[in-house]
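Reading through the structure tokens given below for one structure.
Read the figures in this text as sums done on the coordinates, not as results from a lab. Being a predicted model, the structure only gives us computed values, none of them experimental. Neighbour counts are summed over all protein chains in view; Cβ atoms, including those assigned to glycine, are modelled from backbone coordinates with ideal geometry.
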């Protein structure tokens, strides 16, 4: 089948697994564009770093919308800043848009699960 | 292009802005799932009547 | 293979929309359509609900699957604790999501 452009919007700190889902589609020959919304960045474990690099290798891209991407990202890990307006314009060309998991929480998590 | 916007919860300001851009110059429809008893037959009909469905958080 | 215009793909990513998923699948059956459903990440907890069993009975075996990695990551045993209505052959990978995109003319995220 043709390669689809798939945007995966991640708005909730618990749902960075959307990046793994993006990789799953990249492996299936689709263009995966995970978007981390409002600074809900994942912990940059080796596994996460590899997934991000692999998506980029497969002609996908990781975006950050609503907050600047961290400057101390591991080598070979690129997250591109994008405004909400630019994201909307890009998604007009999307074949699939996946608002992944849950919306952003209104309150900060307690210490027991904040890391 | 006919596009359907489905909302699982009340849309945030960010979602509203994205929807405005996505719907521009398109034949757009919407469906709210965050009501007491959604009419799933009506939702199904809308999904099949539109080219694309976006189901927001 | 072209996508089936009468088939709805449902990609389930969160653990709180079971009534919507079952409601849509029942509506699809009434309308003579089919659904293909994949449960990933936190949504795999839904497989423990009675509504999930009802959904499994509405779908052909090859049209409903669970992400095995997600199931294991959330603490379940993917061999000795397969959800009611399912078999080990329905414990799958993210490739099943790719199959939904290939086979289904319509698509929704839950």
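Values as computed for the structure displayed
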{"read-out": "Förster-model FRET efficiency, 30 Å R0, residue C:80 and residue C:60, C-beta, rounded to 0.05", "value": "0.75"}
{"read-out": "Partner chain coverage, peptide B:50-56 - average Cβ within 10 angstrom", "value": "6"}
{"read-out": "Residue A:2 versus residue B:35: modelled label distance in nm, points set 7 Å from Cα along the beta carbon direction", "value": "3.5"}
{"read-out": "Order of A:90, B:26, A:13 - criterion: other Cβ atoms within 10 Å of each residue's Cβ, fewest first", "value": "B:26, A:90, A:13"}
{"read-out": "C-alpha long axis of helix C:18-30 to longest principal axis of chain C, angle in °", "value": "40"}
{"read-out": "Candidates A:99, A:70, A:42: whichever shows maximal mean-square fluctuation once chain A is modelled as a Gaussian network with Cα springs under 10 Å", "value": "A:70"}
{"read-out": "Peptide C:15-22, shielding by other chains (average Cβ, 10 Å cutoff)", "value": "3"}
{"read-out": "Folded to 0 to 90 degrees: helix A:18-27 orientation relative to chain A principal axis, Cα", "value": "20"}
{"read-out": "Exposure proxy order (Cβ contacts within 10 Å, fewest to most) of C:10, C:44, B:3", "value": "B:3, C:44, C:10"}
{"read-out": "At q = 0.11, 0.16, 0.24 Å⁻¹, base-10 log of I(q)/I(0) for chain A (Debye sum, equal scatterers on each alpha carbon)", "value": "-0.33, -0.70, -1.52"}
{"read-out": "Sequence of B:12, A:112 once ranked by neighbouring C-beta atoms within 10 Å, starting from the fewest", "value": "A:112, B:12"}
{"read-out": "Residue C:89-residue C:31 pseudo-label distance in nm [points 7 Å out on the Cα-to-Cβ vector]", "value": "2.9"}
{"read-out": "Inter-chain shielding of C:95-108 (mean C-beta neighbours from other protein chains, 10 Å cut-off)", "value": "5"}
{"read-out": "Simple label model, 7 Å out from Cα along Cβ direction - residue A:106 to residue A:92, nm", "value": "3.4"}
{"read-out": "Most mobile of C:35, C:12, C:79 in a GNM of chain C (Cα contacts under 10 Å)", "value": "C:79"}
